[in-house]
Amino acid sequence: MALKTKEQYQESIRNRKPMDVWFLGEKVDDVTTFPPLAASFAAISKVYELTGDPGWKDMLTTTSHLTGETVSIYNAPLQSAEQANNKTRAARALAEVIGCCTHRCTGSEGFAGLGPCTYDMDHDLGTNYFERFTKFMEYVQSNDYSCTVTVTDVKGLRTLPPNKQPDRDMYVHIDEYRKDGIVISGYKANQTGILFAHEVIIVPTTAMKPEDKDFAVACAIPADAPGITYVLGRTPQDKRFFEVNEDIEGIDLGKMYADHQALAYFDHVFVPNERVFLCGETEYVGRLLNYFTAVHRLTAGGCKAGGCSALAGATSLISDMIGVNKAGHIKEKLSEMAMTAETCYGLSLAAGTEGFKHPSGFWIPNPLLAHTTKFTCTSAPFNAVRTAREIIAGTGETACSELDMRNPTIGKMVQKAFNPGNPAYDAFDRLRATRFVEHMVRGSNWTAMALHGGGNSEAARMMAGRFTDWKHLQDMVKVATGIEKDPIFCKDVLDSIGRRAGRIDTTLDLPTMSDVPVESKKVVFEKRELVGSGKK
Ligand SMILES: Cc1cc2nc3c(=O)[nH]c(=O)nc-3n(C[C@H](O)[C@H](O)[C@H](O)COP(=O)(O)OP(=O)(O)OC[C@H]3O[C@@H](n4cnc5c(N)ncnc54)[C@H](O)[C@@H]3O)c2cc1C
């Protein structure tokens, strides 16, 4: 079976082995019926449902290059610019429906990093990681599994590399090398959608030096493997999940879909060899992360575009309800919100279009554009957030609860106060739209996702700086101003103008990323040295 229906997906999640999941100091018996996770389970279920919907199938499925079967785009690493652009469109479209993480994107991005990197390692080192990876892909595709990538280690003191941390658990690491596999331990933080995944794909969070060998590990583990403890993160809405009942529809939750983040602790978890894709090859970790982030940071532009569009829609609706929609400054601000969405979207499309084909057959988006996309997503949506909060009025920020609006004693009085005055809408409609905005801007982790998910602004800025060809930029000016007079040099520079904005020459069918691991190590270690050094 290549594609699961929503019901089959839900059944497969219910059939997982019991998992050790905690929230608010108590053990969660069943994640599929636990109120604080209901919106998250609904979100990923919706993604499965739409994947089978004829209207969405073109966008959410593709043909497997391994089996020729129709598979989810989230289980098929990119093969072309067209597929990269489709990934952007899917991320945007799904964000407009669910207004949160798809829960399935990150796994596909883990595969996008592992495919070319294992190929490179086998080519250079004679390992058989690419074969293992390919078999694992077939397994995931044939079961239509939901996979999540776990990158972020808790890291401890940021000035110390993994091997210098007083507690090795600060980074996931190999405890034991066995003939049949490895045993790993350590923490991963902020894991989106992990409680509804079938497979957890572990990759390192930072480039590494040879001394970090035990921390250089990439592998796949079933989410219900023994030895994993999960602790669900809080959101400001925690209490509201428990309020929903037959009389209370859950308006205060803002919408019926959400994602979740959890801390995962791996306590001596065994991983058989066939699920290990990198094991101690520190010099390839930077390359893996470069391939991975090129796709991961492209996707950020798609889903933030979708979120910004939804936010613009809700704000526009409220401006209609309360009668300020015709005011000049409101129209301008709404247009700016719409343009924010298009900026994120356009950058993401450009990163996919201007990528290059790796010899493994996978398509790598343009890294400079992908990091620029992510960098833009760490700030632009916050202007949209500010505008939304301004337009929904202070009452939008301080609105009374659905519980109060439905209360037999004070309900009518509260409803009257919140009635927008527009006969097309009542107080409950206004509360629905208002809570939607609240959910996006401060009730959920949507803004945290824009800021940190897939890496924060500094990580994106440093990578963008690395992928910019500064010598070329200087040469252009030397030619333009006559500093450089050698006609051959000048011709070379002129011939390459417009095609060398980044270090990747996209006119070639081969990667020019052979220096990437070195570059990426520099990025990370220079970043470390910056801490407390007073240097800029
Ligand atoms: C809502 C949400 C969802 C997420 N989902 C996932 C997920 O599904 N999977 C996953 O793996 N991760 C996920 N993440 C984690 C995310 O990728 C990380 O939070 C992000 O990469 C930043 O890492 P960090 O939180 O450790 O912060 P840090 O990287 O430690 O950053 C904290 C601050 O310190 C600065 N800093 C850090 N190190 C240095 C240094 N050496 N020198 C100078 N300054 C430094 C940074 O610039 C930043 O300002 C998610 C995060 C959020 C908020």
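The values are calculated or read from the model by the stated rules, or taken from the named source; none is laboratory data. No experiment lies behind these values; they were computed from the predicted model shown. Virtual Cβ from ideal backbone geometry, glycine too; neighbours counted across all protein chains shown. Side chains included, ligands, DNA and RNA excluded: accessible areas come from the protein's heavy atoms. Shrake-Rupley method; radii C 1.70, N 1.55, O 1.52, S 1.80 Å.
Tabulated values for the structure
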| quantity | calculated |
| --- | --- |
| Test item: Cα-centred dipole of the chain, Lys/Arg +1 and Asp/Glu -1 on Cβ, debye | 1300 |
| FRET efficiency for Glu176 and Gln83, using Cβ-Cβ distance with R0 set to 60 Å, rounded to 0.05 | 0.95 |
| Distance between the stretch 27-63 and the stretch 418-473 - C-alpha centres, whole angstrom | 22 |
| Nearest-ten-degree value, helix 470-481 long axis tilted from longest Cα axis of the chain | 80 |
| Charge dipole of the chain about the Cα centre (unit charges at C-beta), most positive-ward option of Phe356, Leu311, Val217 | Leu311 |
| Percent RCO, i.e. relative contact order, over the chain, from Cα pairs under 8 Å lying at least 6 residues apart | 17 |
| Cα→Cβ-extended label distance, 7 Å offset, between Ser142 and Arg442, nm | 5.2 |
| For the stretch 178-278, accessible area per residue (1.4 Å probe, heavy atoms of protein chains only), Å² | 37 |
| Sorted peptide list for 302-315, 462-475, criterion being average Cβ within 10 angstrom, highest first | 302-315, 462-475 |
| Computed accessible area, Leu66, all protein chains, 1.4 angstrom probe, square angstrom | 50 |
| With DNA, RNA and ligands ignored, accessible area of Leu298 (1.4 Å probe; Å², nearest 10) | 0 |
| Lysines with Cα under 19 Å of Lys333, excluding same-chain neighbours fewer than 8 positions away | Lys304 |
| With DNA, RNA and ligands ignored, accessible area of Leu317 (1.4 Å probe; Å², nearest 10) | 60 |
| Length released on extending from Val477 to Phe242, taking residue separation times 0.36 nm less the Cα-Cα span | 78.3 nm |
| Carbon/sulfur fraction of accessible area - the stretch 338-443, other protein chains in place, 1.4 Å, % | 58 |
| Amide N proximity, the stretch 340-382 versus Trp470 label position 7 Å along Cα-to-Cβ, cut-off under 19 Å | 367-369, 371-372 |
| Label point 7 Å beyond Cα of Asn407 along Cβ direction - residues of the stretch 229-256 with amide nitrogen under 12 Å | none |
| Accessible heavy-atom area order of Lys27, Lys209, highest first, probe of 1.4 Å | Lys27, Lys209 |
| Inter-centroid distance (Cα atoms) of the stretch 211-249 relative to the stretch 71-98, Å | 24 |
| Stretch gain in nm, segment Thr229-Glu249, where the contour uses 0.36 nm per residue and the Cα spacing is subtracted | 4.0 nm |
| Helix-derived mean residue ellipticity, 222 nm - over the chain, DSSP H n ≥ 4, -39500 (n - 2.57), to 500 | -15500 deg cm²/dmol |
| Nearest-ten-degree value, helix 380-391 long axis tilted from longest Cα axis of the chain | 10 |
| Shape call, the stretch 100-186: gyration tensor on alpha carbons, a/c limit 1.5 | oblate |
| Degrees separating the helix 105-125 axis from the principal Cα axis of the chain, which is the longest one | 10 |
| Residue order for Met339, Met208 - accessible surface, 1.4 angstrom probe, largest first | Met339, Met208 |
| Hits among lysines - C-alpha to C-alpha of Lys27 under 23 Å, sequence gap 8 or more where chains match | Lys17, Lys188, Lys239 |
| q = 0.13 Å⁻¹: log10 I(q)/I(0) that the Debye formula gives for the chain, counting C-alpha atoms only | -1.32 |
| Accessible area in square angstrom per residue, the stretch 336-417, 1.4 angstrom probe | 43 |
| Charge dipole of the stretch 132-261 about the Cα centre (unit charges at C-beta), most positive-ward option of Ile184, Cys147, Leu253 | Ile184 |
